[in-house]
Amino acid sequence: RVAGGACHGHYAPADVLLRSRFALCLRGDIPTSARPYDAIRYGSIPLLVSDNIWRTGLPFQCWVPWALLVAQISEASFQRDAAAALRNAMRLPHAAEARMRELIAHFGRDVLWRHPQSRVAENVLLAARRWQLRRRGEAACCPIEDAVSDILS
């Protein structure tokens, strides 16, 4: 509904995201937001507009290859020209977009509590163990970082 030039009301994410290629996930007033998880739940590619999301807002970065699941726009380019920034970010080759969707489907259970085969509880425990080991100065395995290091070496 529109009243006085502003939109307000409620919508169900499924109504929109099931039909969307991308889901705009703007930085909020706190580091975390349900927007990327709603996108993943309904198969849309999260389009992140948050420069600090990698430090504070995406869990399980050692197990979930977020950079391969999301597209990102810098806050500065979005503020400068939002329409152009969105067009550029959504200009993905068909094969790349299809691969992102495959990875979203595969890793959804690692980040969605309500996924029928959710691994979020296990990932919380793994992350806590990793944090504990690092705090004691011991090596703490990070499978994604380790795999990238192996490929690059």
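The values are calculated or read from the model by the stated rules, or taken from the named source; none is laboratory data. It should be emphasised that the depicted structure is a prediction, and the values quoted were computed from it without experimental measurement. No Cβ is skipped: glycine too gets one built from the backbone with ideal geometry, and neighbour counts run over all protein chains shown. Remember, those area values only see protein heavy atoms, side chains included, never the ligands or the DNA or RNA. Shrake-Rupley method; radii C 1.70, N 1.55, O 1.52, S 1.80 Å.
Here the label points at Arg114 and His8, each 7 Å from Cα along the C-beta direction, are separated by 2.6 nm in the simple model.
For the set Met100, Met90, the ranking by accessible area, highest first and with no ligand, DNA or RNA atoms included, is Met90, Met100 under a 1.4 Å probe.
Placing Tyr11, Tyr42 in order of accessible area, with the largest value first and a 1.4 Å probe, yields Tyr11, Tyr42.
Here the stretch 37-81 is scanned for amide nitrogen atoms under 14 Å from the site 7 Å beyond the Cα of Trp131 along Cα-to-Cβ, giving 56-62.
Ligands, DNA and RNA aside, Asp15 has an accessible area near 100 Å² when probed at 1.4 Å. Across the protein chains, with a 1.4 Å probe defining accessible surface, the residues His106, His115, His10 rank His10, His106, His115 from largest area downward.
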